[in-house]
Amino acid sequence: MKERRPLNTEKISPGGPVAIGLSTDLYFPPLEQLTATLSASLDESRQPLDPDYIELFRGRTIDLKHAREHIVPRGIPLRYHGDALWYTQPEFQDHPATGQEIRRANCHMDALESSWMIHECAHKSLGGRTFGTYLPPLFTDSSADLIRENALWLKDRLNHRQLIVEIPPVPFFLPGPLDPGNFFTRILNETDLGLGLDLGHLLTMMEALGRKTGPDSYALWLAGSFPLDHVVEIHVGGMGCSRETPLPFLFDDHPSPVPDRLFELLEAVLKQCPMAHLEGVALEVDNKETDRIIDEFRRFKKIITGALSRPAPLFLSPRERPAPTGSLSRTETVALVSDQYTSLSAYLSGHTDDALEGMHGYPEVYRKTQYPFEVWTFGGEIPALFPRTIALIEPLFPDLPGAFIRYFHRDCLSEVLPFDYLVFKVLKFQEWIKELSVTGFLTPDTALLAREASRAEADQILADQEWINGDPV
């Protein structure tokens, strides 16, 4: 067995006080307004409600630097929540966007003076198709082995910072037969990678597996199956509830309230799960109204302070298990996982009814409800983006949203670099209008007007998006 790579504890104080933080967006709620409101609010002890640290999502480097130098007091450390580094993908190391995104992430962490990057073990692009919200990786041995290799390769390029692998949200289904605890043990065992324990994501996993029990049962299951000695940070965020399944299912939705059962799970986990390297517990509040943030952060802080004032649990964390060596070569493993992702993406986008073996939960709910929502509404509603064009073509379609949704992923050539789902939707809509014109579906006069309108509207959207989010590296 290989010698285990210990966690980098340079920035971690095992057994020391756990920091209580906020994970948020730079732009909404406006960071300056949020920090000022927190400072003016009081916790249960009548002390200012300032967080111990703030974790910021990816934004423009110049804005992140401004936040560090002019908005957030120096006494509050800043940490980084990365995106668009899809280490879950088999071609990650060779992908054209990877080098650029690593440089971007390092620039962002330099600007924030962050000692870590947390990044979800998930993706928004798989099998050549780009999706709007995070999708979970394949829960298989081969997938876990590739993710482990890619994550270690990525960490070695983060300039000695910690990489925290965050458990993914599960949108009503879990693809693959491997139990989540075994999956993350296989990835993290004998490595110096951290684990991000998002408790809302955990609830979605358990519901997809049919394990609807109480917080104490979840905590005991975590303590017995997950590699908790790798946990560096815990996340708690808002959740929505879908009623499109035989039972109501929660889904990750930060603007929504944090449900009581998630606060109860947080308390149970902090009381019952030994986590020697836990450094921070953060409430995710991006895109949430400030008044609700204040109320929830006050409750959040009270739960953490109360739970961590009790003695640590007496039972031991799970024993480290060696990551088994697969019989396939790397080339064979990459090909296998790539084929499985291509099949999964075709199924989720409605191009085949052949589901992967070993899927749990309700994948049909995703592709019948969440997937159409992503294409037509998420990240920019098509009628709001292209009002003039829609007015021209809508009378010709009995089901305009359905027609565009069916076109959206007809092919597998959907990469936009760097990743930006809004930009991809805009380009695909223009492409669709062009096809409607070329195939004769639109009359020549309507085709000309529609193409001119879609071009003008797209140019304005892309210019605005570049102005807001452009971040050359």
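Overview of values
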quantity	calculated
Percentage relative contact order, the chain, counting C-alpha pairs under 8 Å, at least six apart	18
Within the chain, helix-based [θ] at 222 nm, where runs of 4 or more DSSP H residues each add -39,500 (n - 2.57), nearest 500	-13000 deg cm²/dmol
Sites residue 243 and residue 160, calculated FRET efficiency, Cβ-Cβ separation with R0 56 Å, nearest 0.05	0.75
Added length on full extension, which subtracts the Cα-Cα distance from 0.36 nm per residue, residue 431 to residue 74	123.7 nm
Label point at residue 352 placed 7 Å out along Cα→Cβ; residues across the stretch 153-173 whose backbone nitrogen lies under 20 Å	173
Whole-angstrom Cα spans of the stretch 199-316 along principal axes, big to small	40, 34, 20
Within the chain, longest stretch free of exposed chymotrypsin sites (Phe, Trp or Tyr not before Pro) [DSSP loop, at most 15 other beta carbons within 10 Å]	28-314
Per residue value of the accessible surface for the chain (all protein chains in place, 1.4 Å probe), Å²	42
Cross-link table 124/425; 124/212; 212/301; 271/302; 124/428, entries beyond 20 Å C-alpha to C-alpha	124/212; 212/301
Selection from 228, 177, 262, by position along the positive dipole direction of the stretch 149-297 (Cβ)	177
Proximal aspartates and glutamates to residue 434, defined as alpha-carbon separation beneath 13 angstrom and excluding residues fewer than eight positions away on the same chain	452
DSSP-loop GluC sites (Glu not before Pro) across the stretch 229-271, with at most 14 other Cβ within 10 angstrom	244
Net lengthening on full extension, residue 396/residue 339 (0.36 nm per residue, minus Cα-Cα)	16.7 nm
Efficiency of FRET from Cβ geometry, residue 377 and residue 468, R₀ 30 Å, rounded to 0.05	0.95
12 Å beta-carbon shell around residue 17, net charge (K/R +1, D/E -1)	-2
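The values are calculated or read from the model by the stated rules, or taken from the named source; none is laboratory data. The shown structure was predicted, so the numbers you read here are calculated from the model rather than taken from an experiment. Glycine also receives a Cβ, built like all others from the backbone with ideal geometry; neighbour counts cover every protein chain displayed. What goes into the accessible areas is simple: the full protein's heavy atoms, side chains included, and nothing from ligands, DNA or RNA. Shrake-Rupley method; radii C 1.70, N 1.55, O 1.52, S 1.80 Å.
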